[in-house]
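Chemist: Take a look at the following structure, please.
The values are calculated or read from the model by the stated rules, or taken from the named source; none is laboratory data. Computed from a prediction, not measured in an experiment: that's the story for all the values here. Neighbour counts run over all protein chains shown; Cβ positions are idealised from the backbone, glycine included.
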Amino acid sequence: MVVVREFSDEGKSGKNVDGRPQFKEMLELIEARTDDIDYVLVFKLSRFGRNAADVLSSLQKMQDFGVNQNGRRLRIREKLRE
């Protein structure tokens, strides 16, 4: 897997999508199919979003466009090995 782009809304609440410009841009790129996005990798699902309806809607949108979400909790040891 090659990371081609990082979307980070540092300091922004995951309470809803509206306050997260990078997250919204990622979803727009997925919908437009302008980038070759196959996976969205997140540190853990709670970082993806806090609002259940937004999370489910976003995951459904990604699935509709053939993008998989891969959430994984990284341990410090795993991070050091990479």
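Chemist: Got a number for residues in the stretch 56-70 being within 21 Å of Val3 (Cα to Cα), surrounded by 13 or more Cβ atoms within 10 Å (Cβ to Cβ) and at pLDDT 80 or above? Lay out the reasoning, then the answer.
Modeler: Kept after step one, since they are within 21 Å of Val3 (Cα to Cα), are these residues of the stretch 56-70: 58-59, 61-63, 65-70.
Now drop any that are not surrounded by 13 or more Cβ atoms within 10 Å (Cβ to Cβ), which leaves 58-59, 61-62, 65, 67, 69.
Next, only the ones that are at pLDDT 80 or above stay: 58-59, 61-62, 65, 67.
Counting residues in the stretch 56-70 that are within 21 Å of Val3 (Cα to Cα), surrounded by 13 or more Cβ atoms within 10 Å (Cβ to Cβ) and at pLDDT 80 or above gives 6.
Chemist: Still on this structure: Just give me the residues in the stretch 24-33 being part of a helix (DSSP H, G or I) and under 21 Å from Val2 (Cβ atoms), in sequence order. It would help to see each step written out before you state the result.
Modeler: Applying the first criterion (part of a helix (DSSP H, G or I)) to the stretch 24-33 yields 24-32.
If the condition is that a residue be part of a helix (DSSP H, G or I) and under 21 Å from Val2 (Cβ atoms), then Glu25, Met26, Leu27, Leu29, Ile30, Ala32 are the ones that fit.
Chemist: Condition (residue is at pLDDT below 80, among the aromatic types (Phe, Trp, Tyr) and either surrounded by 10 or more Cβ atoms within 10 Å (Cβ to Cβ) or part of a helix (DSSP H, G or I) (or both)) applied to the stretch 34-55: is it met by at least one residue?
Modeler: yes
Chemist: What are the pairs, 6+ residues apart or on separate chains, where a residue within the stretch 32-50 that is over 15 Å from Lys61 (Cα atoms) has its Cβ under 9 Å from a residue that is of a type in the set (Val, Ile, Thr)?
Modeler: What qualifies is Asp35/Val4; Asp36/Val4; Leu41/Val3; Leu45/Val55.
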